[in-house]
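Presented below is the structure to which this report refers.
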Amino acid sequence: MSGRVDLGRVLRADREILTVLGAAVFALVAILLLGGAGAYAVTILNVVLLRALAATGVVLLTGYCGQLSLGQGAFAAIGAYISAILATQYGLSPWLTIPLACIAAGVAAWVVGFPLLQLRGHYLALGTLALAAIVYQLSVELRGITGGASGITSIPSLTLFGRELGSPWAYSWIIGLVFVLGMYVAGRFAFGRMGRLAQAVREDETAAEAIGISPFGVKNVSFVSGAVLAGVSGALYVHWVRFLDPVPFGLQYSIEVLTMAVFGGIGSVWGGLLGAITLTVLTEALRYVTGVASAEYQALAFGVVFVAVLMLWPRGLAGIADVWSARGRTSDRRGGVPNVSSEGTAEAEVGIGGGALIADHRVTGPIRLQHGDELVVVQRLHCRFGGVKALEDVNLVVRAGEILAVIGPNGAGKTTLFNVIAGAIKPTAGAVTVLGRDIRGLRPYEVARLGVARTFQNVRLFTEMTCVENVLAALEAHDGYGMIRGLVLPVRARQREDAAVDEAHRLLAVVGLAEFAHFRAGDLPLAKQRALELARALARRPTLLLMDEPASGLNEAERDELAALIRSLNASGVTILLIEHAVDFVMALADRVVVLSRGMKIAEGTPLEVRNDRHVIEAYLGEAA
Amino acid sequence: MRDVLVWQLPQWIVSGVVMGCVYALVAVGLVIVHNVTRILNVAQGAFVMLGAMLTIQFAKWLPLAPAVVAAVVVTVVIGAVTYGILIYPRFEAGLLTLIMLTFGADVIFRTVALILWGPDPLALREFTPGKPLIIGTAVVTRQALWVIGVTALLVILLQLFFKRSLLGTALRACASNATAARLVGIRPQLMGLVSWMLAAALGAFAGAVIAPVTFATYFMGLELTIRGVVPAVLAGLASPVGAVVGGVVFGIIEAVAAGVYSGLRDVVAFVCLVAILVVRELRTGVLTTHLRARVRAWRMSELARGQQ
């Protein structure tokens, strides 16, 4: 058991260290090899590394976090101009101005991120496109500061021990070093906590919020990380070329960098570098072979390559490599685990075995409550969608320690009630307090952070992530090192992440998924997906667990196991509110039952009382009964 | 200063309305494509560019009217081919991929135009040369009237098409619920094609009528897309009529801002876009309720501290 856990950890740890080592080896070998090949070759190398930095920024934001930015050039331009202006007008050393420019790009991204990252999907793409246009326009218009179209000249180069790093080869050492640093940032992001949160947000924002991830916060970290990489690329460029006008970081730059990231593989930390190498070398080769140096044809080639890659290999070069390596590694990684599609092999583990484990796992919420305290209070709740009255004047109290079931025919408003308590839907009127806090103004992730976890009616997992990553996202949602602390204290951050990995494996064992830890969540059969969703919810150490039709789609045996699991959870101190269609299932399990019909509460009491209630029978069997 | 403003304001408004008509047509194209396919077509502005360039090209060989028709037909074919090659095969792909594809299409159109027609602005003669109208202190050229008239005509025809024709109804059905539309035998992919062709036609007409006013450049497409997005988003990406009104209003705002200081032109588009998007976010309420809750929580904690 522990051996497999360690393997996973080693693999992950290796991938992060491998990223930095690989980048270092690549940079070193390339600089040493090309150093002898003349200034032209080294110049190409410098261009490749600078572009790779900016393209890696695109990978973080677009590939990992799923937010399309068409304006990476804006941040490269900000980095370049800030560094150039500080160095020429204020006489600061480039050693100082480059980090400052880098910070400036990050701060700029952080500030514009507030309005821009509220936008989803294509709105964000257009917002960033407009941002790039505006930065370009400003660099042309603000002649007093940027020198307008004629640019800034005689920008100082970096000096080391009084000697200027004037030659491309001398400068390439600096670029190489910064590139390795950039890959360190990328690796920390991609294989650390932020990467998992970013992927969760990319795959399903609603589910991510339900487990306490702030989508906006995660997007902003991704956006700033990407901008910092672009900013340092721009700043390094400017002290190498020593002249800056608005042209190099115009629209074409944004397009080329995005193309490189897509070509190299937008889902991989190596995508930026692979794309930058391939496309830069191809462009140069094309120029060499045809003797045509015209920018038009180069731009057209980029456009065609960009579209072709999107059409043919959406995952880019790194994606192709991934497929190969995954094929080669699958059996090893799964360590002889039976194939997931052959159902029934590991089924016996669900529930019963889990129930035994849960006792020593001790799922307890952050807040100590007395048995019977009011945990959720819903008062005079009304919910209307247009003309549809989904809920009318519903009162409900959930008491600590109980299993409360909400039942009712289709369209009774059960899920709406659930969504209100989870903060996903704002009530039209009425009050909702959870753990003593009015949650009407809270976002779902804030409600989740109060100690409320939920599962969804239609299972919502992060399907492209592995089981263990799904649970990790919930464990680390707001617990763990942020990007900056993680970069400064990588060893401690990794220790915490490793602890979280162990915890995630334990939780998977609780729900009987220990052997499926490294399977893609989307590959699991439905029953196991439900179990995984439950593990993800438990990772929140919830005080209150909301379960939306947990038994739907399960067979008789699986239901019994689920019921046992719910009971043992409840025994360990979790209050449970569940919605269910399967009346038998509920009657055997719940302490109290609330019946909704057509948005109104028609009965409340023990299962026995409700079963014999005249209104309930009417609602279920129709007026005639 | 104030006198200059009062004296020039009517002229700015007139030129704002003219440009606003073009933005409106771009916005309507964006809305139609978005309604049916959920894609925000970054290449929409490029259709305007193609319409303008092709009209200028054909006008060298043909009289004006057939030149415009030929330009529109060719642009529609280009739009259809673009859809067929780029969007149709990847119809089920994620939004991210689709918008990147339209962005790629824009890049290709732009660079091909640069290669074919060069970097310099090209002019087209006015449709009906003659003395301009003088209204107060504003000069209204005949071409301006053409722009306004053609826009109005297109919008009316479009409304009739959507309300009266079977194809228009099918498009609306697809826009409101693609699954339901499929169930009654409408193919969403095919409707996507129709929407792209419509959008291309609107763009091409806009390009033809505006070419005599602004000149045609290879890079005008993306700028127009960004400007068209402002009213399109204002209309919630759903209502063509709202997009038209928004387009004209935005055109006026931009013209007045550019009149006050020419450097403001691009800033206005960006600021308007972000402002509208943020206001939209506020209206949907998530951010507002969030902030309200923050204030309330802060007040509560202050109260609690006061009581201690």
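The values are calculated or read from the model by the stated rules, or taken from the named source; none is laboratory data. Bear in mind the structure is a predicted one, so any value in this text is a computation, not a measurement. Cβ coordinates were reconstructed from backbone atoms using ideal geometry, including for glycine residues, and neighbour counts include every protein chain displayed.
Results for (1) farther than 21 Å from residue A:424 by Cβ; (2) outside the structural domain of residue A:447 (by TED's automatic domain parsing); (3) out of contact with any strand residue (DSSP E or B) (no Cβ under 8 Å at 6 or more places or on another chain); (4) touching a residue at least 12 places away in the same chain (Cβ under 8 Å), shown as yes or no for each residue.
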site: A:516; (1), (2), (3), (4): yes, no, yes, yes
site: A:537; (1), (2), (3), (4): no, no, no, yes
site: A:550; (1), (2), (3), (4): no, no, no, yes
site: A:560; (1), (2), (3), (4): yes, no, yes, yes
site: A:588; (1), (2), (3), (4): yes, no, yes, yes
site: A:594; (1), (2), (3), (4): no, no, no, yes
site: A:612; (1), (2), (3), (4): yes, no, yes, no
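Would you call residue B:76 more than 9 Å from every other protein chain (Cβ to nearest Cβ), among the hydrophobic types (A, V, I, L, M, F, W, C) and farther than 18 Å from residue B:29 by Cβ?
No; evaluated as a whole, the condition is false for this residue.
For (1) among the basic types (Lys, Arg); (2) closer than 22 Å to residue B:228 by Cβ, each residue gets a yes or a no:
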residue	(1), (2)
B:25	no, yes
B:38	yes, yes
B:52	no, yes
B:61	no, no
B:67	no, no
B:71	no, yes
B:88	no, no
B:110	yes, yes
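Report the residue count in the stretch A:272-315 for those that are facing chain B (nearest Cβ under 10 Å), outside any helix (DSSP H, G or I) and either touching a Phe, Trp or Tyr at 6+ places or on another chain (Cβ under 7 Å) or among the aliphatic types (A, V, I, L, M) (or both).
Matching residues across the stretch A:272-315 total 0.
Return the only residue of B:262, B:239 being in contact (Cβ under 8 Å) with a residue 40 or more places away in the chain and among the polar types (S, T, N, Q).
The match here is B:239.
Restricting attention to the stretch A:439-456, which residues are over 19 Å from residue A:479 (Cα atoms) and among the small types (Gly, Ala, Ser)?
A:441 - this is the single residue of the stretch A:439-456 that is over 19 Å from residue A:479 (Cα atoms) and among the small types (Gly, Ala, Ser).
Scan the helices (runs of 4 or more DSSP H) fully inside the stretch B:172-250 and keep the ones with 2 or more residues being closer than 21 Å to residue A:123 by Cα and not hydrophobic (A, V, I, L, M, F, W, C).
Ranges flagged: B:188-214, B:220-234.
Please give the number of the condition residue A:620 fails out of (1) of a type in the set (Ser, Thr, Tyr); (2) over 16 Å from residue A:547 (Cβ atoms); (3) modelled with pLDDT of 85 or more.
(3)
I'm trying to understand the selection: among the residues of the stretch A:501-513, which are of a type in the set (Gly, Ala, Ser) and surrounded by 22 or more Cβ atoms within 10 Å (Cβ to Cβ)? Steps first, answer last, please.
Filtering the stretch A:501-513 for residues of a type in the set (Gly, Ala, Ser) gives A:504, A:509, A:512.
Passing the criteria: A:504, A:512.
Taking the options B:202, B:198, B:193, B:237, name whichever one is more than 14 Å from every other protein chain (Cβ to nearest Cβ), over 21 Å from residue B:49 (Cβ atoms) and touching a helix residue (DSSP H, G or I) at 6+ places or on another chain (Cβ under 7 Å).
Answer to the check: B:193.
Provide a single number: the residues in the stretch A:220-254 that are under 24 Å from the mean Cα position of the chain (by Cα) and closer than 17 Å to residue A:132 by Cβ.
Result for the stretch A:220-254: 9.
Kindly indicate which of A:130, A:125 is in contact with a Ser or Thr (Cβ under 8 Å, 6 or more places away or on another chain), within 17 Å of residue B:234 (Cα to Cα) and either in the same structural domain as residue A:78 (by TED's automatic domain parsing) or basic (Lys, Arg) (or both).
A:125
I'd like the residue in the stretch A:401-422 that is more than 21 Å from residue A:374 (Cβ to Cβ) and of a type in the set (A, V, I, L, M, F, W, C) and, out of all such residues, is surrounded by the most Cβ atoms within 10 Å (Cβ to Cβ).
So, considering only residues that are more than 21 Å from residue A:374 (Cβ to Cβ) and of a type in the set (A, V, I, L, M, F, W, C), the one surrounded by the most Cβ atoms within 10 Å (Cβ to Cβ) is A:407.
Can you find a residue in the stretch A:137-145 that is within 14 Å of chain B (Cβ to nearest Cβ), over 24 Å from residue A:182 (Cβ atoms), free of Cβ contacts under 8 Å to residues at least 24 places away in the same chain and in a loop (DSSP other than H, G, I, E, B)?
yes
Any residue at all in the stretch A:408-423 that's part of a strand (DSSP E or B), more than 14 Å from every other protein chain (Cβ to nearest Cβ) and among the aliphatic types (A, V, I, L, M)?
No; the residues of the stretch A:408-423 include none that is part of a strand (DSSP E or B), more than 14 Å from every other protein chain (Cβ to nearest Cβ) and among the aliphatic types (A, V, I, L, M).
State all residues of the stretch A:452-483 that are surrounded by fewer than 22 Cβ atoms within 10 Å (Cβ to Cβ) and either in the same structural domain as residue A:188 (by TED's automatic domain parsing) or under 11 Å from residue A:208 (Cα atoms) (or both); if no residue qualifies, say none.
A:460
Could you check the stretch B:86-126 and list, in sequence order, the residues that are away from every other protein chain (no Cβ under 12 Å), touching a helix residue (DSSP H, G or I) at 6+ places or on another chain (Cβ under 9 Å) and either surrounded by 19 or more Cβ atoms within 10 Å (Cβ to Cβ) or among the acidic types (Asp, Glu) (or both)?
Selection gives B:124, B:126.
Among the hydrophobic types (A, V, I, L, M, F, W, C), crowded, with 24+ Cβ neighbours inside 10 Å and part of a loop (DSSP other than H, G, I, E, B): which single residue out of A:238, A:269, A:257, A:262 fits that description? Even if it seems obvious, please write down each step before you answer.
Details: A:238 fails: part of a loop (DSSP other than H, G, I, E, B); A:257 fails: part of a loop (DSSP other than H, G, I, E, B); A:262 fails: part of a loop (DSSP other than H, G, I, E, B).
Only one candidate passes the filter, namely A:269.
Tell me, yes or no, whether the stretch A:61-81 has at least one residue that is part of a helix (DSSP H, G or I), farther than 27 Å from residue A:278 by Cα and without any contact (Cβ under 8 Å) to a residue 40 or more places away in the chain.
Looking for residues that are part of a helix (DSSP H, G or I), farther than 27 Å from residue A:278 by Cα and without any contact (Cβ under 8 Å) to a residue 40 or more places away in the chain, one finds none in the stretch A:61-81, hence no.
What number of residues within the stretch A:449-464 are modelled with pLDDT of 90 or more and among the aliphatic types (A, V, I, L, M)?
The qualifying residues number 3.
Tally the residues that are over 29 Å from residue A:147 (Cβ atoms) and more than 14 Å from every other protein chain (Cβ to nearest Cβ), restricting the search to the stretch A:46-77.
Result for the stretch A:46-77: 2.
Please work out if residue B:164 is of a type in the set (Lys, Arg), without any contact (Cβ under 8 Å) to a residue 24 or more places away in the chain and in contact with a Gly (Cβ under 7 Å, 6 or more places away or on another chain).
For residue B:164, the condition - of a type in the set (Lys, Arg), without any contact (Cβ under 8 Å) to a residue 24 or more places away in the chain and in contact with a Gly (Cβ under 7 Å, 6 or more places away or on another chain) - is not met.
Can you confirm whether residue A:525 is over 20 Å from residue A:199 (Cβ atoms) and either within 14 Å of chain B (Cβ to nearest Cβ) or surrounded by fewer than 22 Cβ atoms within 10 Å (Cβ to Cβ) (or both)? Steps first, answer last, please.
Numbers: over 20 Å from residue A:199 (Cβ atoms): yes; either within 14 Å of chain B (Cβ to nearest Cβ) or surrounded by fewer than 22 Cβ atoms within 10 Å (Cβ to Cβ) (or both): yes.
Against the criterion (over 20 Å from residue A:199 (Cβ atoms) and either within 14 Å of chain B (Cβ to nearest Cβ) or surrounded by fewer than 22 Cβ atoms within 10 Å (Cβ to Cβ) (or both)), residue A:525 qualifies.
Please tell me if residue B:233 is farther than 24 Å from residue B:81 by Cβ, under 18 Å from the mean Cα position of the chain (by Cα) and modelled with pLDDT under 85.
yes
Of all residues in the stretch B:252-268, which are within 13 Å of residue B:19 (Cα to Cα) and either more than 10 Å from chain A (Cβ to nearest Cβ) or among the hydrophobic types (A, V, I, L, M, F, W, C) (or both)?
B:252, B:253, B:254, B:255, B:256, B:258
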